[in-house]
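Structure first, then comments.
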There are 2 protein chains.
Amino acid sequence: MSPQLNRGRIDKRKDILDAAFSVFAREGYPQAHVDQIAAEAGVAKATVYNHFGDKESLFRETIAALSERALARNLAAVALLAETGDDLPAALTKVGIHLVDCYCDPQSWALRRLLYAETPQFPDLLELTQVGVAEPVAQALADRLARLALEGHIDIADPALAAEHLTALLTGPLEARSRFGTRRIPRLERKTITESAVATFLSAFAPRP
Amino acid sequence: MSPQLNRGRIDKRKDILDAAFSVFAREGYPQAHVDQIAAEAGVAKATVYNHFGDKESLFRETIAALSERALARNLAAVALLAETGDDLPAALTKVGIHLVDCYCDPQSWALRRLLYAETPQFPDLLELTQVGVAEPVAQALADRLARLALEGHIDIADPALAAEHLTALLTGPLEARSRFGTRRIPRLERKTITESAVATFLSAFAPRP
DNA sequence: CCTCAACTAGACTCAAGAGTCCAACATAAC
DNA sequence: GTTATGTTGGACTCTTGAGTCTAGTTGAGG
């Protein structure tokens, strides 16, 4: 940020964070070795410790960086719902596909896997992603749905609940099908899943005539 | 099983498996120490190695034992759908509550957490639980739903898809609300979640008049 | 009572990983 | 050129945990 931080060599910080994520994602926190991260970042081990102090801080900052990325991508997907034309199913499907893509992103799976694994040891990280990512996204989606309800396109009493159910229908099937993020779901299958989810959602919340 | 296996002292095998699960669940596989497991089982470390050979085998057998338990409990829950009276919503809610209880069981969360964490290292375990637990349960639920569809209580084209969506509606909200299994969801909240899920499901698959 | 198998406590080996230290080196700013 | 700061590689300390070994104990079956 401030110019005097870039004295000496180039800033290796980002390289280290990238490598750290790659190794943490592949091996899990306890099995990830700092030497390996340093090697993968093309950096001396001492440099890692210069930047981050210790392994735990490195882990925390890695997760935080990923969360920011995830939040941005998810909000962008939800924002697509602003441009609903007259074809609500098509618009919902478009958003659904983008949300599913976010969810199926390898980085996203890795983040979720790390959180699952390390929640007992690092409860604050869960707080961070929950409050910093999941909740804002759910909020944004609920807001959009409320708007659509007000315009009479769907019949929704509780927008937060509707958002929760839409999300569940979209992402629930992904866990098993992707084998906990191990298997890559082909695009066509993702599309089918999304369309089914949207169909069920619309069928449940169709406006009463 | 065979009587000559019980020579010498009592069979400590079960004690070890219980302690192993408890420690694995609390600490995760890499952080779980065999000494700790032995201590918690009230057994010498050598005894653990006598029974299971090494830490990895102990882990595998622990997971396998838990999967059996999970399968039995889930199938029992689904079986309740056989006794549908004339009140379909009530019957579905009853089954839903039992399924949600299974899903929220601390052992169940621990199992899921371990699978998430260790899937890259032990892909075969995922296979085991997927093929041995998730699929049979989904099958059984789909069968039951097909039956109800045939009897005209609901309008379902694809029972497998309907089962997938019902499961998603029931369990999807649990992940965030329970903070990845960290927080215990009170019974009342579980009931509310289940009722909402069933309501949305029935609304989506209500029979066309 | 004897025997055999499993059990126990604890010392032990061996490997590996976190974090430190240091002497040599590079570079941007002055 | 000088200086301050960051980087490098590699040796180093220290801890910890998996798995082995041993000498002694216990209990059931014969």
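Values in this text are rule-based calculations from the coordinates and carry no lab data. The model shown is predicted, which means the values in this text are computed figures rather than measured ones. So basically every Cβ, Gly included, is an ideal-geometry build from the backbone, and we count neighbours across all protein chains shown.
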* To do: Residues being away from chain B (no Cβ under 12 Å), under 23 Å from the mean Cα position of the chain (by Cα) and within 15 Å of DNA strand D (Cβ to nearest atom): count how many of those fall in segment A:20-36.
  => 1
* **Matching option when the condition is of a type in the set (A, V, I, L, M, F, W, C), over 20 Å from B:ALA168 (Cα atoms) and part of a helix (DSSP H, G or I), among A:LEU128, A:LEU141, A:LEU161, A:LEU166** => A:LEU128
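So, A:TYR116, is that one part of a helix (DSSP H, G or I) and facing chain B (nearest Cβ under 9 Å) or not? Talk me through it step by step, then tell me what you get.
Values: part of a helix (DSSP H, G or I): yes; facing chain B (nearest Cβ under 9 Å): yes.
Here the answer is yes, as A:TYR116 does meet what is asked.
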* Do any residues in segment B:189-207 that are at the interface with chain A (Cβ under 8 Å from one of its Cβ atoms) have Cβ atoms under 6 Å from those of residues that are of a type in the set (S, T, N, Q) and in a helix (DSSP H, G or I), where the two are at least six apart or on different chains, and which pairs are they? -> B:ALA204/A:THR200; B:ALA204/A:SER203
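In contact (Cβ under 8 Å) with a residue 24 or more places away in the chain, under 30 Å from A:LYS12 (Cα atoms), away from every other protein chain (no Cβ under 12 Å) and not hydrophobic (A, V, I, L, M, F, W, C), is that true of A:GLY132?
Working: in contact (Cβ under 8 Å) with a residue 24 or more places away in the chain: yes; under 30 Å from A:LYS12 (Cα atoms): yes; away from every other protein chain (no Cβ under 12 Å): yes; not hydrophobic (A, V, I, L, M, F, W, C): yes.
So A:GLY132 fits the description; yes.
Answer yes if at least one residue in segment B:6-17 is without any contact (Cβ under 8 Å) to a residue 60 or more places away in the chain, part of a helix (DSSP H, G or I) and more than 26 Å from B:GLY181 (Cα to Cα), and no otherwise. Lay out the reasoning, then the answer.
Within segment B:6-17, the first condition is being without any contact (Cβ under 8 Å) to a residue 60 or more places away in the chain, and the residues that meet it are B:6-17.
Going one step further and asking which of them are part of a helix (DSSP H, G or I), we end up with B:6, B:13-17.
Checking the rest, the ones that are also more than 26 Å from B:GLY181 (Cα to Cα) come to B:6, B:13.
Within segment B:6-17, one or more residues are without any contact (Cβ under 8 Å) to a residue 60 or more places away in the chain, part of a helix (DSSP H, G or I) and more than 26 Å from B:GLY181 (Cα to Cα).
In this structure, is B:ARG144 touching a Pro at 6+ places or on another chain (Cβ under 9 Å) and of a type in the set (D, E, K, R)? Can you show your working first?
Details: touching a Pro at 6+ places or on another chain (Cβ under 9 Å): yes; of a type in the set (D, E, K, R): yes.
For B:ARG144, the condition - touching a Pro at 6+ places or on another chain (Cβ under 9 Å) and of a type in the set (D, E, K, R) - is met.
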* Pair list, Cβ under 6 Å, 6 or more apart: segment A:164-185 residue more than 7 Å from every other protein chain (Cβ to nearest Cβ), other residue among the small types (Gly, Ala, Ser) and in a helix (DSSP H, G or I) -> A:LEU170/A:GLY96; A:LEU170/A:ALA197
* Those residues of segment A:107-124 which are among the charged types (D, E, K, R) and surrounded by 21 or more Cβ atoms within 10 Å (Cβ to Cβ), in sequence order -> A:ARG113, A:GLU118
